[in-house]
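Below is one structure, written out as structure tokens; the observations come after it.
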Amino acid sequence: MPQLPIEKTAVYNASHVLMVAPNDFRFNSETSTDNAFQHAGGDDVAALAERQHRELRSLLVKNGVTVTLHLADPATPAAPGGTSWWSPPPRV
């Protein structure tokens, strides 16, 4: 089988990220009907989300990434949570 040429692409690594803590992570009945990842899971799911967030934040810091932490707004269940990312393009 012939090998395809590997395209070289630019790789950018973030040195600073904004993370939104899942401090009020909970079931959202408004989105559960059409969101395959949304299901009622109880308090253990919230604890798991917080633990995973804390572990990811620690891993990023350990590897030299600056982390700015923002707390989620409890009044907005669909607010950005622990899985939301925003990555601006590098200045070129």
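Of all residues in the range 45-60, none satisfies being under 16 Å from Asn13 (Cα atoms), modelled with pLDDT of 65 or more, in a strand (DSSP E or B) and open to solvent by less than 100 Å² (accessible area, probe 1.4 Å).
Per this entry, Ala79 is not counted among residues that are open to solvent by 60 Å² or more (accessible area, probe 1.4 Å), at pLDDT below 85 and part of a loop (DSSP other than H, G, I, E, B).
Condition check for Thr33 on (1) open to solvent by less than 100 Å² (accessible area, probe 1.4 Å); (2) modelled with pLDDT of 65 or more: one failure, at (1).
The values are calculated or read from the model by the stated rules, or taken from the named source; none is laboratory data. Small disclaimer: the values here were computed from a predicted structure and weren't measured. Accessible surface is based on the protein model in full, side chains and every heavy atom, while ligands, DNA and RNA are left aside. Shrake-Rupley method; radii C 1.70, N 1.55, O 1.52, S 1.80 Å.
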